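Remarks on the structure that follows.
The values are calculated or read from the model by the stated rules, or taken from the named source; none is laboratory data. No experiment lies behind these values; they were computed from the predicted model shown. As a convention, Cβ positions derive from the backbone with ideal geometry for all residues, glycine included, and neighbour counts pool all protein chains shown. For accessibility, only protein heavy atoms count, side chains too; no ligands or nucleic acids. Shrake-Rupley method; radii C 1.70, N 1.55, O 1.52, S 1.80 Å.
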Amino acid sequence: MAIDADADFNQAGQICSLIGGRLIQTKNQFENIVAGSQLFDVLAGKSTFIGIRRINGTWSYADGTPLTFQKWKSANETNQVGFDCAMMQGNDFSWYSTKCELKWPFICTFPDGRDGNCPNGWKFYQRTSSCYWTPAQGAHLVSIHSDQENRFVLNLVASVRQNQNVQNCDRKPFNQVLIGLNGTGTEHWTDGSAFDYDHRNSGAYTYGFVNDPLCYQDELSLSTLLLAIISAKYCPPGSIDYSDGKECVMVIDARADYATSQRLCGLMGGRLIQAQNQFENLVAGSQALDVLSGHAALIGVIQLNGTWMYGDGTPLKYSKWKTPNEPTLPGQNCAYMQGNDFAWYSTKCQLKWPFICTISDQSDLRCPTGWSFYQGTGYCYYTPGYGAHLASIHSATENRFVLNLLQTARENQGVALCGSDSSMSILIGLNGTGNYHHWTDGTPFDYDRRNSGGYTYGIENDPLCYNERWLNWDKDSVYGSYVCKKMAV
């Protein structure tokens, strides 16, 4: 994606990251041509930043990995002192060195689905044609502590089976969603929270539920699918949260016209700020003053058909024009905020300015992409969809692939603690005792890396331990997280 906004190298990288990508790192001639063609089509041949810079005297990709492809305009380009970042020329797609603090348009690249057609955030493994996912540290199988939370969680679950007979309700675990309740007589939640709410239909070791109009029940029962919970985070990095307005305010120190600014804010999950009152205007202005050192920034106020309104077309509830003449100047149909007094000025919409995004501090915007926020608990909830299970592992190479997804390092603890604390382990889908072990996804138990017998198993990828074996834990264990697997599309 070519972005027609002027930013320095660090700002360009930050914006690409905020919208889910990174500055493009072309690995071969084909990728360079594709990027250049996009640049030519969108930016009419302008030069743009690419994700290549000089680090400690060596040119590399911005993530620090070695270059696998180069297209410098001349050999001299790599030797210029103080020119430590790279841009692509729009007419011949060759590379030039430039100063990193200069401002240029830029090209972002995003995961495109070629990686096995996995859902966003999942990792594809070619040998199994499967997708794998593990949540961030702090995520657990869900615990439920009230009728209200139970109903909220049920509403996340899409286990409708209109084409099945109602008598089949509860008969097949794969139609249900796994939650974090374990035990027979000594029930406990796997996240360690209190077992202070009970909606079981009967006794079992693991529990799940369905939300099906044919059955319509919210009792807990045996299952094999998954639902996760993590603490909510309110605002993205680089923004501020102010609770009265329930919004996150982010000032972007890159110059773009109104349409591009609005588009970039939208890609971040927000919009150009629409100050509804004096307080919101002060918060936005104060943030702009801190980030832009008093420079002006575009806001979400425009003039359409002779009437000034917010960018979403709703009427203004508040305005702070510098003078009465500002909203009457011909041809100036957009607005910016001045950084020294937070007053509004009209401007031409095609001119480029820094801009201020606002992200509403509501529902899913507090949570990672794909998660749902519940006000009653302050937590985020997630289910990876049907066909996803706790991971089964069937070879040494798959075992290594899954381990590489994990971050369970404990550098600050002694090596003697390795394998001694289940909260440092990641739950996989192996259950059983003695000679009977099975994977919860129903696949054969044809590969074994158990360290000893147990009922549930976890894995760790810790540089202090480096243990590729599956660690067994007792029925009351609390795991640090878990890893999922589903067939790729």
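Quick notes
- With one equal scatterer per alpha carbon and no solvent term, the Debye-computed log10 I(q)/I(0) for segment 23-74 at 0.13, 0.19, 0.20, 0.21 1/Å reads -0.32, -0.66, -0.73, -0.79.
- Peptides 190-199, 63-72 ranked from most to least packed by the mean count of surrounding Cβ atoms within 10 Å: 190-199, 63-72.
- Ordered from highest to lowest accessible area with the whole protein assembly present and a 1.4 Å probe, Glu187, Glu398 read as Glu187, Glu398.
- Here the mean projected area of the convex hull built on the C-alpha positions of segment 1-108 is 5.9 nm².
- Taking each residue as 0.36 nm, the span from Gln350 to Lys27 lengthens on full extension beyond its C-alpha to C-alpha distance by 112.8 nm.
- Shape call, segment 316-355: gyration tensor on alpha carbons, a/c limit 1.5: oblate
- DSSP-loop trypsin sites (Lys or Arg not before Pro) across segment 249-355, with at most 15 other Cβ within 10 angstrom: Lys317, Lys322, Lys348
- Note that segment 1-75 presents 46 Å² accessible area per residue, ligands and nucleic acids not counted, probe 1.4 Å.
- The residues Arg469, Arg200, sorted by heavy-atom accessible surface at 1.4 Å with ligands and nucleic acids left out, run Arg469, Arg200 from largest to smallest.
- For the cross-link pairs Lys123/Lys485; Lys73/Lys352; Lys27/Lys485; Lys46/Lys73, the ones whose C-alpha atoms lie over 21 Å apart are Lys73/Lys352; Lys27/Lys485.
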